[in-house]
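The values are calculated or read from the model by the stated rules, or taken from the named source; none is laboratory data. Note that this is a predicted model, so its numbers are computed, not measured. Cβ sites come from the backbone with ideal geometry, for glycine too, and all protein chains shown count toward neighbours.
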Amino acid sequence: MAASVAIKEDPDEAIDLETRFIELCQTYTDGITDAIIQQEFPQCNAKQRVTAINRLLSTGKVDLLKRGTNLVYKLKDPDAASQTKGSDNQEKLVYQIIKDASNKGIWIRDIRYKCNLLLTQVNKILKNLESKKLIKAVKSVAASKKKVYMLYNLEPDRTVTGGAWYSDQDFESEFVEVLNQQCFKYLEQKATIARENQIDPIAQRNAAFTSLSDVWKYISELGISKVQLSVDDIETIMDTLIYDGKVERSVTASSSAGEASSKLYRAMKSLVPTTGLMRMPCGSCPVFNQCCEGGPVSPTNCVYMKEWLEY
Ligand code: SF4
């Protein structure tokens, strides 16, 4: 009769495997798949790997997440673990998905796709997490009815709020118009001073150029904005002035001493007046080719045309 031999697991070896597994998770911060585990621990058999993973999952040291069609093991964030203490696994999973989305937030449809739960379950979990003030819903400017979820203490990204030009999802067109005028006024003043002080036309032209940071400083000191504007915000305004043909931009070359190139702006007078066609909305309309009666857009229902005719 053949004697059956029970293979005894060495507890030290098991602990060592768990420690190495955690170290591997620390290296692959996005999580590790089964393929990576097999590749990194070729000396371990499937049973040893499964035992180690199960122990880490049950002691709450790693999370099991679904990414596409793959399952990945990820080291549990100690903060998240303490934040979601007392929550069930589904709630922890949804919390982690929202956390991973950082301040760009995540739409409910994408949460559902990632966690594979029913809409009613996801809705219930989201309500729970919101009531615990762990997450918040933020309206996105990208779509008026679209809410994205992010951790409660995060400041939403500009792509979600629309940045300085949006207030409660509404585009602040008057504010943008005032900034446009003020930026242009500043450049015109510089050009006038340059004309008065320089005789040489080349020197006049060069003296009229102003750096972006100077324009930003001028606008900040005017105090016309309730929100803190960044240099990038002012650059957006300058871009609109360039598209309007009121301002030209010049870029200085970077110096051999390591100084980075910078953008300079100057108010300019158009040599030829803009043609009538370019002053009407159709002249610069991006959907001009699709515009016809009965089409997706038409002069009859075009809001830009209506506004222009009323003006
Ligand atoms: S009518 Fe309106 S939609 Fe049509 S080309 Fe002109 S601006 Fe564009």
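Residue pairs whose Cβ atoms lie under 8 Å apart, sitting 6 or more positions apart in sequence or on different chains, and linking a residue in segment 244-269 that is assigned to a loop (DSSP other than H, G, I, E, B) to a partner that is of a type in the set (S, T, Y) and at pLDDT 90 or above, are S262/S211.
Annotation note: Cβ proximity below 6 Å between a residue of segment 198-219 that is free of Cβ contacts under 8 Å to residues at least 60 places away in the same chain and more than 17 Å from I237 (Cβ to Cβ) and a residue that is in a helix (DSSP H, G or I) and not small (G, A, S) (sequence gap 6+ or interchain) occurs for Q198/Q204; Q204/R195; A208/K190.
Considering only segment 201-224, I want to know if a residue exists there that is touching a strand residue (DSSP E or B) at 6+ places or on another chain (Cβ under 9 Å), crowded, with 16+ Cβ neighbours inside 10 Å and at pLDDT below 90. Checked segment 201-224: at least one residue is touching a strand residue (DSSP E or B) at 6+ places or on another chain (Cβ under 9 Å), crowded, with 16+ Cβ neighbours inside 10 Å and at pLDDT below 90. Number of residues in segment 284-307 that are within 24 Å of D244 (Cα to Cα), more than 32 Å from the chain's Cα centre (by Cα) and more than 8 Å from the ligand (Cβ to nearest atom) equals 2. Exactly one residue out of Q182, Q198 is surrounded by 13 or more Cβ atoms within 10 Å (Cβ to Cβ), on the phi < 0 side of the Ramachandran plot, modelled with pLDDT under 85 and in the same structural domain as S262 (by the TED database): that is Q198.
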